[in-house]
Amino acid sequence: MRTSIMLNFRATLLVTAFGASLCAGNAQTAPAASGTPDSSKKVEPRVSLVAIGDPPSPDYTVKGDRRQLSVTPESEYPPTPLYVKIKGEFKPVSLGLNTPAETLKSPGGGNMELFGTKDGTGPAFATVPIPPNPEDLTIFFVRNGTTKSWRLQSLFEVYENGLKAFPKDSVRIMNFARVPVRVQTMEGQWFEVPAFSQGNHTNTRLVPLPHSEQGIFSYRAAVLGKEGPIPIADTATTYPVDARINLVIYEADGRDKHQPVKVAVYFELPFKDPEPASNKSTASTATPASPASPAH
């Protein structure tokens, strides 16, 4: 099976937690520190940013008998940090690779403009419509396969990320490759996921996270080609209690002709409101997502 079009993904890895389609949902009730919901509190909606794909591959030039590392072109990675205007000021936010960067407070409607300059000069890197309904959101960025650049017409998709849309103890399978795939998250059960189509969220499946006393999540993935399934991953990762696991399929940068489609997996925990000031010792705060590496 041959995948003729590659989406290259570049970014700088940051650990702290494509145009424009989106979903909106209802407000989420924040779980209290004890783990039981507190209906008197509401989670303040947050927006997280994540770039999906391969890290930049090193290039070398040979001069005489010496090999020198070449400077990576800007088109090979998204601008980081990005700057978003909040209350009249531009706030820097890093764009993580295969795991969300730090979260932002949701503007609750309108557009979120992201710039590559700290004063907002020049065209915006991305203008993302945000629904008015209060809901946690994740914005997934991908390198444009037509322009072959992160800087020209970068693509993005917006997905609900609250507990109603993405519950605890579940696996969200997301296919950003332009070929259908199937994923096995438990023995004997496969889930087929359609090919990615910009602005169409049929490329996702939400399935239960199989119970594991050891906190180990095993999975397999395969591309559905004309000649049958082609395996792309058969591995496992660990996760904590109450985790939500993102299993993301994407088209690689094309440098490895034998592996045109890859898988990235990361877990995240639901956000929690802090305890009152009098209980600082037991305050519960947002837990960052896990680091992730593409599965080979």
Legend entry - Filtered trypsin sites (Lys or Arg not before Pro), region 61-170: DSSP coil and at most 11 other beta carbons within 10 Å: LYS87
Legend entry - Net charge, GLY120 excluded, C-beta distance under 9 Å - Lys, Arg +1, Asp, Glu -1: 0
Inset, instruction - Once you've got the Cα coordinates, tell me which of LYS168/LYS257; LYS63/LYS118; LYS87/LYS164; LYS87/LYS118 are over 26 Å apart. - result: LYS168/LYS257; LYS63/LYS118; LYS87/LYS164
Inset, instruction - Count charges around ARG46 for me, please; just the other residues with Cβ under 10 Å from its Cβ, Lys/Arg as +1, Asp/Glu as -1. - result: -3
Inset, instruction - Classify region 170-228 as rounded, prolate or oblate from the Cα gyration tensor: take a ≥ b ≥ c as the square roots of its eigenvalues, call it rounded if a/c is under 1.5, otherwise prolate when a/b beats b/c and oblate if not. - result: oblate
Inset, instruction - Answer rounded, prolate or oblate for region 209-260, using the Cα gyration tensor with square roots of eigenvalues a ≥ b ≥ c: rounded when a/c is under 1.5, else prolate when a/b is larger than b/c, else oblate. - result: prolate
Legend entry - Net charge of Cβ neighbours under 12 Å - reference VAL84; Lys, Arg +1; Asp, Glu -1: +2
Inset, instruction - Pick out, from ILE245, ILE232, LEU269, the residue whose Cα sits farthest towards the positive end of the charge dipole of region 225-274, with +1 on the Cβ of Lys and Arg and -1 on the Cβ of Asp and Glu. - result: ILE232
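Laboratory data are not the source of any read-out in this text; all were calculated from the coordinates shown. Given the structure is predicted, the values throughout are model-derived calculations rather than measurements. Reconstructed Cβ throughout: ideal geometry from the backbone, glycine too, with neighbour counts over all protein chains shown.
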